[in-house]
1. So what are the ³J(HN,Hα) numbers for the range 133-147, from phi and the Karplus equation (6.51, -1.76, 1.60; θ = phi - 60°), rounded to whole Hz, Gly and Pro as x?
2. Whole-Hz Karplus ³J(HN,Hα) for the range 13-19, in order, using 6.51 cos²θ - 1.76 cosθ + 1.60 and θ = phi - 60°, x for Gly and Pro?
3. Can you tell me the alpha carbon radius of gyration of the chain divided by the globular rule-of-thumb value 2.2 N^0.38 Å?
4. Between residue 35 and residue 119, what is the FRET efficiency for a Förster distance of 41 Å, r being their Cβ-Cβ separation, to the nearest 0.05?
5. Between residue 60 and residues 5 or more places away or on another chain, which pairs have amide H atoms under 5 Å apart, with H built 1.01 Å from N, and which residues are they?
6. Sum -39500 (n - 2.57) across every DSSP H segment of at least 4 residues in the chain, then divide by the residue count to get the 222 nm mean residue ellipticity, nearest 500.
7. Given R₀ = 22 Å, what would the calculated FRET efficiency be for residue 78 paired with residue 134, taking r from the Cβ atoms and rounding to 0.05?
8. Run the reach check for residue 126 against lysines, Cα to Cα strictly under 27 Å, same-chain hits fewer than 8 apart removed. What comes back?
Amino acid sequence: MAEYIESLQRLAEQFGRLQGIGKKNAMKMAFSVLDMTDEDAAAFAQAIIEAKEKIHLCPICQNLTDRDICPICDDETRDRKTVCIVSDARVVISMEKVREYKGLYHVLHGVISPMNGTTPDKLKIKELLERINEGEIEEAIVATNPTVEGEATAMYISRLLKNFDIKVTRLAYGVPMGSDLEYADEVTLYRALEGRRDL
C-alpha cells in the first residue's frame, strides 16, 4: 500500500539516498516521521536545514564546523607540530573519544579510488601540502582505513610528504584489514596511535 502514497514514497526515496540506508530502512524511517507530532516533524526538518546552512569546512583542517575555525584548530593547547591525516570527519570524532591524541587533524574527504572516480585532485591534499609548507608541522600521522583504497591513499600522501623535512608515520593497526576506523573502540584506536610506525 505504501507505494501508492506518493508523498510517503517520495519521503522514503529521500531517506534511501542516505549512505548505508536500504529500501526497507528508508521506508521505516519515513513511517517514523509520520508517527511524529507536527512540532517534532517541523523541528526535524528545521535541524536538517540549519545543519546544511551553518556547517561548512574549517579553512585550516577541512573538518566540519559551524564556527569560523573549528574548535580543535582554535585550541591553543593542542600540539601544533603534529597533524593526523584522516579520510573522513567521522574519524575525527572517533579519535577525539580516545582522549590521548593532542595534535591537529587534516580531513581529506575521501580516499583515492579510481573505480569510484575519486582521484587525488578531488581530495583536500593541496590544502594539506600548503599547511605543511608553512613549516610548523614536524610529524604527519597518516590514519586512513586499512583498506586497498586507504592504503593506496596513504602511500600516495607519504610519497608527496617525502619532499618535506617532516616525520611521516602510519597508524599501527589492531584494527582488522578492511574495517573502518570510525567503528573502532577507544582502546584499539589508542593502541594504534601508540604503535604508529614510520612510512
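The values are calculated or read from the model by the stated rules, or taken from the named source; none is laboratory data. As the structure is a computational prediction, the values presented were derived from the model and not from experiment. Cβ coordinates were reconstructed from backbone atoms using ideal geometry, including for glycine residues, and neighbour counts include every protein chain displayed. Just so you know, the surface numbers come from the protein's heavy atoms only, side chains and all, with ligands and any DNA or RNA stripped out. Shrake-Rupley method; radii C 1.70, N 1.55, O 1.52, S 1.80 Å.
1. So the Karplus estimates, Gly and Pro as x, are 5, 5, x, 7, 7, 10, 9, 10, 9, 8, 10, 7, 4, x, 10 Hz.
2. Working through the residues one at a time gives 5, 5, 5, x, 7, 6, 4 Hz.
3. Details: Rg = 19.8 Å, N = 199, 2.2 N^0.38 = 16.4 Å.
Dividing the Cα radius of gyration by 2.2 N^0.38 Å gives 1.20.
4. Computed FRET efficiency for residue 35 and residue 119 comes out at 0.40.
5. So residue 60 has HN proximity to 70.
6. On the way: 8 runs with 87 residues, N = 199.
When only DSSP H runs of four or more count, the value is -13000 deg cm²/dmol.
7. With a Förster radius of 22 Å, E is 0.90.
8. Leaving aside lysines fewer than 8 places away in the same chain, those within reach of residue 126 are 52, 54, 81, 102, 162, 167.
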